[in-house]
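Peer 1: Handing you this structure, nothing more for now.
Here, each number is a calculation from the coordinates, and none is a lab measurement. All of these numbers come straight from a predicted model, not from anything done at the bench. Glycine gets a Cβ as well: all are built from the backbone with ideal geometry, and neighbour counts include every protein chain shown.
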Amino acid sequence: MENTASAEKASDKVGDPAAEFDTVPGDGIVATSRAPVHFRFYDITMAAFVAILLLSNIIGAAKLSTVAGFTFGAGILFFPVSYVLGDVLTEVYGYARARRVIWTGFVALLFMAVMSFVVVAMPPAASWNGQAAYEEVFGSTWRIVVASIAAFWAGDFVNSFILAKMKVLTKGRMLWARTIGSTIFGQGVDSLIFYPVAFLGIWSTEAVLTVMVTNWALKIAWEALLTPATYFVVNRLKAAEGVDLFDIDTDFSPFASTKK
């Protein structure tokens, strides 16, 4: 009730440009461009995003799997959940708070990379014979680490920016178009950075391009398949928070204050 009351108070202020987007008055969800001070489930959503991001990079990236003759990184099965949650964060909590989550994920990935390098480099005990397997799983080249972190940072900011802008342009309608459209651009930037930086010169140019386009298409397909789940989570969170936030006056710089 605290959030609903805060949102209603904010939307009642003269000049809130998002008030006209409230298409279902009385449903308990107030369209506003002014976020309440406190959200009930924001911290939980952020924790879920970062956890899935780290686990998909640690566990999924270490294994190649072949299903029906098609070989792919196992992480692609779960990594899309992180950018579905990224869509949910921007749609429900706005670009400013999604920006905070992206930076949190960036720092978490950076710490994971540093910790992996340090732990792998530590001399193993004479009685421990798992160093080779440990290095195979947790040891990554500097190119892959840099590519992964840079691609995530740039791709997620593009994804969040496109989704927030499309939400205002569509006046909150056609969520499916916003999530898929933002994924096309966001994951496009992610793939354009990751694969050339990580593998160009190691793989043939043709192989880099093939894998880049294939994985980009798979991520978009996953986003489309998960659209019903996205609708469910977004609708439940909006109802719980009592707001439908529109980024009308938001500062979209990645380096701006998270409150703007």
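Peer 1: Going residue by residue through segment 77-90, is there one that turns out to be over 11 Å from the mean Cα position of the chain (by Cα) and more than 29 Å from D244 (Cα to Cα)?
Peer 2: Within segment 77-90, one or more residues are over 11 Å from the mean Cα position of the chain (by Cα) and more than 29 Å from D244 (Cα to Cα).
Peer 1: Okay, next question. Inspect all residues belonging to segment 100-117 and state whether any of them is within 30 Å of F41 (Cβ to Cβ) and of a type in the set (K, R).
Peer 2: Looking for residues that are within 30 Å of F41 (Cβ to Cβ) and of a type in the set (K, R), one finds at least one in segment 100-117, hence yes.
Peer 1: Still on this structure: Might you let me know whether segment 160-178 holds any residue that is closer than 30 Å to I202 by Cβ, free of Cβ contacts under 8 Å to residues at least 60 places away in the same chain and in contact with a Phe, Trp or Tyr (Cβ under 6 Å, 6 or more places away or on another chain)?
Peer 2: Within segment 160-178, not a single residue is closer than 30 Å to I202 by Cβ, free of Cβ contacts under 8 Å to residues at least 60 places away in the same chain and in contact with a Phe, Trp or Tyr (Cβ under 6 Å, 6 or more places away or on another chain).
Peer 1: I'm checking my understanding of the structure. Among residues of segment 214-260 that are part of a loop (DSSP other than H, G, I, E, B) and of a type in the set (D, E), which one is farthest from V189 (Cα to Cα)?
Peer 2: If we filter segment 214-260 for residues that are part of a loop (DSSP other than H, G, I, E, B), which is where we start, we get 226, 242, 246-260.
Filter again for of a type in the set (D, E), leaving 247, 249, 251.
Details: D247: 22, D249: 25, D251: 21 Å.
The residue in question is D249.
Peer 1: Here's a check for you: in segment 135-149, which residue that is buried (at least 18 other Cβ atoms within 10 Å of the Cβ) and not hydroxyl-bearing (S, T, Y) is nearest to G94 (Cα to Cα)? Walk me through how you get there before you give the answer.
Peer 2: Of all residues in segment 135-149, those buried (at least 18 other Cβ atoms within 10 Å of the Cβ) come to 140, 145, 147-149.
Those left that are additionally not hydroxyl-bearing (S, T, Y): 145, 147, 149.
On the way: V145: 29, A147: 27, I149: 23 Å.
This residue is I149.
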